[in-house]
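Trainee: Take a look at this one; I'll ask things after.
The values are calculated or read from the model by the stated rules, or taken from the named source; none is laboratory data. Quick caveat, the model's predicted, so the values are computed rather than measured. Ideal geometry is used to build each Cβ from the backbone, glycine not excepted, and the neighbour counts take in all protein chains shown.
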Amino acid sequence: MGDIYLWLKAGHVISVIAWMAGIFYLPRLFVYHAEQRASVPQMVPVLEVMERRLLQAIMTPAMIAAWAFGLSIIAVGVIDWGEVWPWVKGAGVIAMTAFHLWCARERRRLADGTATASGRRYRMMNEVPTVLMIVIVVSVLVRPF
């Protein structure tokens, strides 16, 4: 069981890194999209392609893989559910998934022209995954709870 656990953990970490790279970058693309749509409208189609490809080709597959590897680790039975940290991590992962879904919705709204958020709002939303990442990593590595 030791070898399979290490492979599952490696796959989980790799998937999470890919997911987080996208989840940190996509809201930044939203900032550019919101701020450039009036002043540099020829950039909008380029940003839309970048947003769609990032979400569909990198973020969503990485999120699915992160969930699959994470659930596989749980199935192996190495998590002590009597501790608080796995519950905090789980809540953080669910919140990160909700943020991912928000990003997908915003991408669609930007593409169809119904998004009303400003570049400033997207900048503020870009901080959400950073806070969630800190909660998740501290929960797993430091286990202060």
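Trainee: Within segment 64-79, is even one residue modelled with pLDDT of 95 or more and under 30 Å from V44 (Cβ atoms)?
Mentor: Looking through segment 64-79, at least one residue is modelled with pLDDT of 95 or more and under 30 Å from V44 (Cβ atoms).
Trainee: Here is a further query. With the condition being closer than 17 Å to V135 by Cα and touching a helix residue (DSSP H, G or I) at 6+ places or on another chain (Cβ under 6 Å), I'd like the helices (runs of 4 or more DSSP H) fully within segment 1-100 carrying at least 1 qualifying residues. Walk me through it before giving the result.
Mentor: Details: elements: 2-39, 44-53, 60-76.
Qualifying helices (runs of 4 or more DSSP H): 2-39, 60-76.
Trainee: Which ones in segment 93-117 are among the basic types (K, R) and within 19 Å of F24 (Cβ to Cβ)?
Mentor: Start the filter on segment 93-117 by keeping residues that are among the basic types (K, R), which leaves 105, 107-109.
Scanning segment 93-117 gives R105, R107.
Trainee: To continue, here is another question. Look through M96, M50, M59 and report the one residue that is in contact (Cβ under 8 Å) with a residue 60 or more places away in the chain, under 18 Å from the mean Cα position of the chain (by Cα) and surrounded by 15 or more Cβ atoms within 10 Å (Cβ to Cβ). Explain how you work it out, then say what you get.
Mentor: Details: M50 fails: in contact (Cβ under 8 Å) with a residue 60 or more places away in the chain; M59 fails: in contact (Cβ under 8 Å) with a residue 60 or more places away in the chain.
M96 is the lone residue from the list that is in contact (Cβ under 8 Å) with a residue 60 or more places away in the chain, under 18 Å from the mean Cα position of the chain (by Cα) and surrounded by 15 or more Cβ atoms within 10 Å (Cβ to Cβ).
Trainee: Does W19 satisfy the criteria of being crowded, with 20+ Cβ neighbours inside 10 Å and among the aromatic types (F, W, Y)? Spell out the reasoning first.
Mentor: Details: crowded, with 20+ Cβ neighbours inside 10 Å: yes; among the aromatic types (F, W, Y): yes.
So W19 passes the test.
Trainee: If you don't mind, another one. Give segment 101-145 a look and list any residue that's over 13 Å from the mean Cα position of the chain (by Cα), free of Cβ contacts under 8 Å to residues at least 60 places away in the same chain and part of a loop (DSSP other than H, G, I, E, B), or say none.
Mentor: G113, T114, T116, V142, P144
Trainee: Name every residue in segment 30-47 that is buried (at least 16 other Cβ atoms within 10 Å of the Cβ) and of a type outside the set (V, I, T), in order of residue number.
Mentor: Going residue by residue through segment 30-47, those that are buried (at least 16 other Cβ atoms within 10 Å of the Cβ) are 30-37, 44, 47.
F30, Y32, H33, A34, E35, Q36, R37, L47, listed by residue number.
Trainee: Condition first: out of contact with any Cys (no Cβ under 9 Å at 6 or more places or on another chain), surrounded by fewer than 16 Cβ atoms within 10 Å (Cβ to Cβ) and among the acidic types (D, E). Can you find one or more residues in segment 69-84 that meet it?
Mentor: For segment 69-84, residues out of contact with any Cys (no Cβ under 9 Å at 6 or more places or on another chain), surrounded by fewer than 16 Cβ atoms within 10 Å (Cβ to Cβ) and among the acidic types (D, E): present.
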